[in-house]
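See structure below.
Every number here is computed from the coordinates shown, using simple stated rules; none is lab data. Because the structure is a prediction, the values reported are computed rather than measured. Neighbour counts are summed over all protein chains in view; Cβ atoms, including those assigned to glycine, are modelled from backbone coordinates with ideal geometry.
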Amino acid sequence: MNPELLQTFLKIVEYKQISQAADSLYITQAAVSNRLRRLESQLGVTLINRLKGQSIVTLTRYGEKLVPIAEQWMQLVHQTTNLKESANFHNVKIISAPSISESILSVVCPMLMQEDPALRYSLINGNADTVYNGVADGVADIGFAFYKMYRHQITTRKISEEKLVLVTNSHSKYPDMVTVDMLSRHDEIYMPWNDEFDAWHTMCWDSELQPLVTLDSGVLILPYLSFKQAWALIPESLAHQLLVRDPTLRSLHLIEQPPILPVVAVKKKSPGMEQQELERLEFKIRSELYKIHQAKI
């Protein structure tokens, strides 16, 4: 059965007029009438009542019986078409810390898609718990975080690491080299990167003092860096991207170096998709991070 004929019949049923059915299909009324006659000829029955002088059409008994059959048939046609289209693509679902998505995946994923036109990505952002739970629950094929956790049926691997870079407004009064004592907690754009960072941060600043703002993602810091003395500690890859994008920012050298952030790949022990595709993504992330780390900020 020709799906085009069934689609035309269902449009006639929907609009109850040959003319409106033709408009919705962007064809002439004569073409609609011709398709209807071909369908009736193939089935050997009359599907609509043709009353002279009336634009509204009604269905015959055979036409009414055909409606649910035609709808199911068209649904199967759409499902078959979608199955064929989806089979032509490799769909990779990623869940990641927002800072990794913004600074690394936004560079790596387009690169890999250019190398493989059949590759498609679905990206979700979330905190460490969301990343691990998303991979465990099958929401994502792979996750990336700054935390290494231990979960049942989950494997983790450190594929790289990120130094934390101190950034501030170019109009701030800070010298190029600073100590923690020169940085006021009240001017900080604070992001709790992981437990090790929080422990180091507590030794350097009084946690009871209120920061300028607390964020859960480094990608949100730009509006707050407009404050003259504002400062933030962010991953090197993100700092590199922001400093290139915004000339009003500058980086400072902090004497007391914060702990290094591990970049952790999170996967199921038995991944649902080809392991090779996930390993290619990990390798590309590691490679791009290496390039950024070699560049001078």
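Arranged from fewest to most other beta-carbon atoms within 10 Å of their beta carbon, 19, 270, 160 become 270, 19, 160.
The modelled label-to-label distance for the pair residue 89/residue 69, using points 7 Å beyond Cα in the direction of Cβ, is 3.5 nm.
Considering only 149, 191, 74, the mean-square fluctuation computed in a Gaussian network model of the chain, springs between alpha carbons under 10 angstrom, is largest for 74. Distance between the modelled labels on residue 269 and residue 2, one decimal in nanometres: 5.8 nm (7 Å Cα→Cβ projection). Once C-alpha pairs closer than 8 Å and six or more residues apart are averaged by separation and normalised to the residue number of segment 120-221, the relative contact order reads 22 percent.
Between residue 253 and residue 15, the simple spin-label model (points 7 angstrom out along Cα→Cβ) gives 7.4 nm. Using 1/(1 + (r/R0)^6) with R0 = 30 angstrom and r between the beta carbons of residue 246 and residue 195, what's the FRET efficiency to the nearest 0.05? So the FRET efficiency works out to roughly 0.50.
Mean separation of Cα pairs under 8 Å and 6 or more residues apart, divided by the residue count, gives the chain a relative contact order of 20 percent.
My understanding is that a pair violates if its Cα-Cα distance is over 27 Å; which of 148/291; 158/291; 228/291; 173/284; 93/284 do that in this structure? Result: 228/291; 173/284 exceed 27 Å. Counting 0.36 nm for each residue step from residue 182 to residue 38 and taking away their Cα separation leaves a gain of 43.4 nm.
Quick check: from the Cα gyration tensor, does segment 3-87 come out rounded (a/c under 1.5), prolate or oblate? Here segment 3-87 falls in the prolate category.
Computing volume of the Cα convex hull per residue in Å³ directly from the structure and comparing it against [x] 139; [y] 157; [z] 214 singles out [z]. The stretch between residue 61 and residue 118, if pulled fully straight at 0.36 nm per residue, gains 15.8 nm over its current Cα-Cα span.
Note on 39, 112: ascending count of other Cβ atoms within 10 Å places them as 112, 39, the fewest first.
Normalised by 2.2 N^0.38 Å, where N counts its residues, the alpha-carbon radius of gyration of segment 164-254 equals 0.99.
Residues of segment 47-68 with an amide N closer than 12 Å to a point placed 7 Å from the Cα of residue 24 along the Cα-to-Cβ direction: none. Taking other C-beta atoms within 10 Å as the exposure proxy, 135, 180 rank 180, 135 from fewest upward.
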